[in-house]
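Structure record follows, encoded as structure tokens.
The values are calculated or read from the model by the stated rules, or taken from the named source; none is laboratory data. Since this is a predicted model, take the numbers as computed values, not measurements. Positions of Cβ are generated from backbone atoms using ideal geometry, with glycine treated the same way; all protein chains shown enter the neighbour counts. What goes into the accessible areas is simple: the full protein's heavy atoms, side chains included, and nothing from ligands, DNA or RNA. Shrake-Rupley method; radii C 1.70, N 1.55, O 1.52, S 1.80 Å.
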Amino acid sequence: MVATTENPLVEGLERLPVPATSLVIFGATGDLSRRKLLPALYNLAHEGALPERFNLIGVSRRDQSDEQFRSMAREAINEFSRRTPDQQVLEGLVSRMRYLGIPFNDVPGYAKLGAALEEADEETGQPLNRAYYLSTAPEFFPVITEALKDAGLHRHAHADVRAVIEKPFGTDLASARSLQEVVHSVFRERQVFRIDHYLGKETVQNVMAFRFANYMFEPVWNRNYIDQIQITAAEDIGIGSRAGYYDASGALRDLVQNHMLQLLTLVCMEPPTTFEANKVRDEKVKVLQAIEPPTPEQVAEMTVRARYTHGVVGGHEVPGYLEEEGVPQDSQTETYAALRLEVHNWRWSGVPIFLRTGKRLARKVTEIAVQLKPVPHMAFQSKGSVGVQPNQLILTVQPNEGVSLSLGAKIPGASMRIRPVNMEFLYGTSFMSQSPEAYERLILDAMRGDATLFTRNDEVDAQWSIIDPILQAWGEGRPPLAEYEAGLPGPPEADALLGAGRHWRAL
Amino acid sequence: MDEVWSERNTTPAKIEAALRRIVTEHHHSDHPFVPARVLNVVVVVDADFRGEIENRFERVGRYHPSRLVLCAVEPGRDSIDAWAGIGTDDAEPVPGHIAVARERVEIEIGQRHLSKLDTIVDPLLVSDLATMVWAPHGHDAAIDSLRRLAQIVLVDTQDEPDVDRSLARVEDLSEHAYVVDLAWLRSTPWRERVAAAFDPPHLRTALAGVSAVTVRHREDSLAAAMLFCGWLSSRLGWKPGPLARSDAGLSGHARARRQEVRIRLEPTHQNAPGLAGVTIETASGEAVSLDRAPGGLRAARRARDGSEQTWTVLGASRGEGGILGEGVRQALLRDPTYRPALGCARVLAR
């Protein structure tokens with residue numbers, strides 16, 4: 001039956017309607033926009049997933065015409081789209097793009113943006129929702145946010161206004177809180193969508209599906225059965241042309257503060273009552289708040305920082321970090337970070353959670369390894385047997401996305417010899433569909449107003465509360481910056497972090 | 001296909017053993033090779049037209065079934081000949097990545113095998129995977145025989161010239177299995193766009209005042225048009241009546257809560273099968289139209305005062321290869337709106 005509040009036609013549709021929207025990308029000519037955002041928008045258009053009334057306004061400091069911006073967008077989409085563009089769809093999308101070259105702090109310039117948004121409303125005969133995507137250098141986030149307020153563009157009587165903010169959300173706890181203060185002085189929390197693109201990855205979302213759609217793991221998912229958890233985000237590449245950004249950031253800010261702590265929350269959170277945005281985020285925040293920020297003395301014991309030196313990766317000689325173009329010779333920036341954390345709650349108390357990330361490591365892999373405790377009594381020890389190893393459950397985020405479980409199995413033969421074998425589920429073999437890029441999902445969710453896969457303010461605050469003392473201690477040289485040869489699994493100092501009897505999983 | 005086995009006058013047990021051997025050998029020789037484990041698809045075709053179906057499967061993109069069992073029916077044949085092969089989608093394996101392999105079996109059978117086809121096909125299916133069956137050239141007896149093995153039946157209600165008979169057959173099949181109808185999938189973008197057109201809260205109320213629906217369709221796609229109207233009827237709580245032939249095609253009425261809804265189905269010329277356009281009018285004089293256009297659908301909205309706006313809703317055509325691929329993908333999903341739509345379409349088709 002027809003109800004006035006529900007749309008009865010959406011039942012059963014995989015692709016739900018998205019409200020008519022004008023998307024404004026600040027930093028529209030930047031690298032992220034060219035490589036990710038514009039191709040993501042094309043792929044949404046290709047699939048018919050964009051709102052039926054959609055406009056894109058690119059804003060950057062560069063002075064150029066609409067046509068020059070469209071030409072740049074066309075080239076970027078042709079180069080970086082995950083599928084070969086259909087030229088008619090591409091032209092249709094590009095024709096809806098406009099460009100404004102205004103300095104981000106030029107409040108009068110924002111009047112032009114307001115006029116462009118109103119023009120789009122008039123063309124469509126209705127007020128379109130506004131989504132402001134801040135894809136600029138982080139120092140402009142407060143500048144743009146306040147300028148939007150000064151220009152009166154932060155709210156609309158008849159349309160939803162949203163702000164999508166790229167990472168990094170602050171560079172430490174104080175700057176994150178300061179930025180938050182500015183953002184909250186302009187927008188309500190429900191208007192703010194902080195991007196951590198890891199959360200848009202299908203395999204990251206599958207961590208929740210794996211835990212909460214399968215009953216068999218829940219009974220062992222606690223301190224009674226789990227010995228340790230290792231979360232790894234290893235890259236085999238160096239810093240490329242990002243020396244400026246990376247040297248100011250380092251591995252801890254670049255990956256641990258956001259992506260890796262998000263993975264940790266997904267592994268350790270309690271089941272939410274529903275998958276509604278705030279229910280999920282409430283549970284994640286509880287995990288972060290249960291991690292005690294380390295004291296300066298503890299930082300030296302529970303963290304390792306290091307940078308790569310000259311080495312060989314994949315058979316090719318590569319320079320050390322200090323030899324990379326644009327890296328200052330006196331740099332103290334870490335390209336490798338390893339941490340031992342603990343979640344102090346009933347479920348996880350006493351279970352060490354190890355995080356490690358680094359550049360120029362032996363291979364590229366992002367995974368969560370959950371190691372169970374050994375069996376209480378070894379009945380199968382015998383000559384020639386590798387023996388019963390503790391079970392390991394591996395959730396691989398990339399590449400070879402999937403889940404594997406190591407089990408002990410009898411080696412065929414007369415004697416009772418045991419060796420570990422793997423039981424594997426691989427995404428590529430069990431699902432036919434190609435996963436959409438994380439940004440496609442996130443842009444669509446932001447336009448729809450679904451914040452489930454975005455980071456809430458108190459999550460960001462809790463993340464920085466854990467990381468801030470480490471940054472401070474590292475800034476004071478505790479522990480000293482270690483080194484590792486490019487192409488190896490990391491610095492030897494990282495082994496000591498694990499404690500006796502534990503080893504890092506081979507990369 | 002990287003590995004191939006074939007035998008004349010063979011048996012299902014021998015085919016199954018050959019497949020097992022090929023998979024094991026391939027795994028030993030190439031460790032990153034992993035067989036896909038998503039779906040069995042059994043296709044029953046006329047031997048003379050197997051090439052056309054094979055070509056369609058070549059174009060399904062990434063939606064290949066894990067194991068495809070193609071049964072080619074040759075009139076008068078008594079024995080079974082078979083061919084089995086295994087291959088990967090990737091021309092060149094990528095170091096550090098898995099190569100997903102797919103298995104394919106082709107068996108040549110006679111008409112006499114159809115009523116007991118399940119006994120031939122059963123050993124060839126991967127256990128614990130869902131099985132979808134499809135008989136694009138008729139062969140209803142084969143589908144009936146395979147019912148006990150199949151969780152999903154793929155159909156294309158537009159294949160049958162008699163739409164009433166076609167819809168009745170699908171309704172019967174849907175009592176026992178989940179039906180994926182290619183004619184229904186061709187209308188998906190239209191359904192999505194009509195739902196989007198009425199999604200803004202101030203427009204949702206207009207759904208209660210719909211007074212006329214006109215669906216333009218390719219001549220042979222009447223079933224898709226009926227299913228589309230069936231969908232509107234079932235979602236909006238209309239009671240449809242049978243359509244009658246009129247000058248432009250078929251027309252009739254459905255009873256909504258407030259008023260009669262005039263329904264017109266108009267055949268039109270276009271290359272692609274499926275719908276060509278939709279117009280939905282309301283009693284207060286508003287109208288929404290969608291028509292095929294380059295790069296998407298051309299949308300038009302007429303306001304009560306008669307003013308009109310037009311724009312293009314972006315989206316690329318999936319083509320017929322894409323539709324079959326979508327059919328394979330949909331096999332593992334569930335659309336709760338198809339059966340109610342089918343029920344209403346049957347009334348319209350009477």
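Annotation: peptides A:398-408, A:194-204, A:412-422, A:289-299, ranked by per-residue average of other Cβ atoms within 10 Å with the highest first, follow the order A:194-204, A:398-408, A:289-299, A:412-422. Put simply, chains B and A cover up around 3900 Å² of each other's accessible surface, both sides summed, when a 1.4 Å probe is used.
Each helix, a run of at least 4 DSSP H residues, gives -39500 (n - 2.57); summed and divided by the residues of chain A, these come to -9500 deg cm²/dmol at 222 nm. From zero outward in steps of 5 Å, how is the percent of C-alpha pairs of the range B:59-197 spread across the bins? Reading upward from the zero bin: 2, 8, 15, 18, 17, 16, 11, 7, 4, 2, 0, 0. Take each residue in B:195-203, count the other chain C-beta atoms within 10 Å of its C-beta, and the mean is 6. Averaging Cα coordinates gives a centre for the range B:117-154 and one for the range B:202-224; these two points are 35 Å apart. Computed on the range A:365-498, with alpha-carbon pairs under 8 angstrom and 6+ residues apart, the relative contact order is 15 percent. Under Stokes-Einstein, with the Kirkwood radius over Cα pairs as Rh, the value for chain A at 25 °C and 0.890 mPa s is 99 µm²/s.
Hydrodynamic estimate: the Kirkwood radius of the range B:223-286 over Cα pairs, inserted into Stokes-Einstein at 10 °C and 1.306 mPa s, corresponds to D of 125 µm²/s.
Note on chain B: GNM, Cα springs under 10 Å; of B:P35, B:P336, B:P75, the largest mean-square fluctuation is that of B:P336. Converting phi to 3J(HN,Hα) with the Karplus coefficients 6.51, -1.76 and 1.60 and the offset θ = phi - 60°, the range B:100-111 yields 8, 10, 10, 9, 9, 10, 10, 10, 9, 10, x, 4 Hz in sequence order, with x at every glycine or proline.
Longest segment of chain B with no GluC sites (Glu not before Pro) in a DSSP loop having at most 15 other Cβ atoms within 10 Å? Longest stretch, sites excluded: B:1-174.
Global dimensions of chain B from alpha-carbon coordinates: Rg and Dmax equal 23.0, 74 Å.
Within straight-line reach of B:K14, meaning a Cα separation under 15 Å, sit the following aspartates and glutamates at least 8 residues removed in sequence or on another chain: B:D81, B:E106, B:E108, B:D122. Across the range A:137-199, the volume of the C-alpha convex hull divided among the residues equals 90 Å³ per residue. In the range B:300-336, burial by the other protein chains removes 40 Å² or more of accessible area from B:Q309, B:W311, B:L314, B:A316, B:R329, compared with the chain on its own (1.4 Å probe, ligands and nucleic acids ignored).
Would you report the distance distribution of C-alpha pairs in the range A:406-502 as whole percents per 10 angstrom bin, up to the bin with the largest distance? Spelled out bin by bin, the range A:406-502 gives 10, 15, 22, 30, 17, 5, 0 percent.
Spin-label model, B:R62 to A:D458: label points 7 Å out along the Cα-to-beta-carbon direction sit 3.8 nm apart. Reducing the range A:376-426 and the range A:336-374 to their Cα centroids gives an inter-centroid distance of 20 Å. Remark on the protein assembly as shown: ratio of C-alpha radius of gyration to 2.2 N^0.38 Å is 1.05.
Based on C-alpha pairs under 8 angstrom that are at least 6 apart in sequence, chain A has a relative contact order of 17 percent.
Viscosity 1.306 mPa s, temperature 10 °C: Stokes-Einstein D of the range A:1-110 from its Kirkwood Cα radius, in µm² per second? Rounded to a whole number, D works out at 104 µm²/s.
Counting every alpha-carbon pair across the range A:19-64, the share separated by more than 17 Å comes to 35%. Computed from Cα atoms, the angle from the helix B:12-29 axis to the main principal axis of chain B rounds to 80 degrees.
Which angle from 0 to 90°, rounded to the nearest 10, does the C-alpha axis of helix B:319-330 make with the longest principal axis of chain B? Compared with the principal axis, the helix lies near 80 degrees.
The mean sequence separation of alpha-carbon pairs under 8 Å and at least six residues apart, normalised by the residue count of the range B:205-263, gives a relative contact order of 36 percent. Projected over all directions and averaged, the alpha-carbon convex hull of the range A:450-498 occupies 5.8 nm². Probing with 1.4 Å while keeping every protein chain in the model, the per residue accessible area of the protein assembly as shown equals 42 Å². Scaling against 2.2 N^0.38 Å puts the C-alpha radius of gyration of the range B:276-350 at 1.46. Under a no-solvent Debye model with one identical scatterer per Cα of the range A:222-355, what's log10 I(q)/I(0) at q = 0.17 Å⁻¹? The computed values of log10 I(q)/I(0) come out as -0.97.
Relative to the 2.2 N^0.38 Å rule of thumb, the range A:85-190 has a C-alpha radius of gyration ratio of 1.19. Secondary-structure-derived ellipticity at 222 nm for chain B, considering helices only, amounts to -9000 deg cm²/dmol, per-run term -39500 (n - 2.57) for DSSP H runs with n ≥ 4.
Between 0 and 90 degrees, the angle of helix B:338-349 with respect to the longest Cα principal axis of chain B falls at about 60 degrees.
Per residue of peptide A:86-94, the mean number of Cβ atoms on other chains within 10 Å of the residue Cβ is 5. For the protein assembly as shown, the fraction of 1.4 Å probe accessible surface lying on carbon and sulfur atoms is 50 percent.
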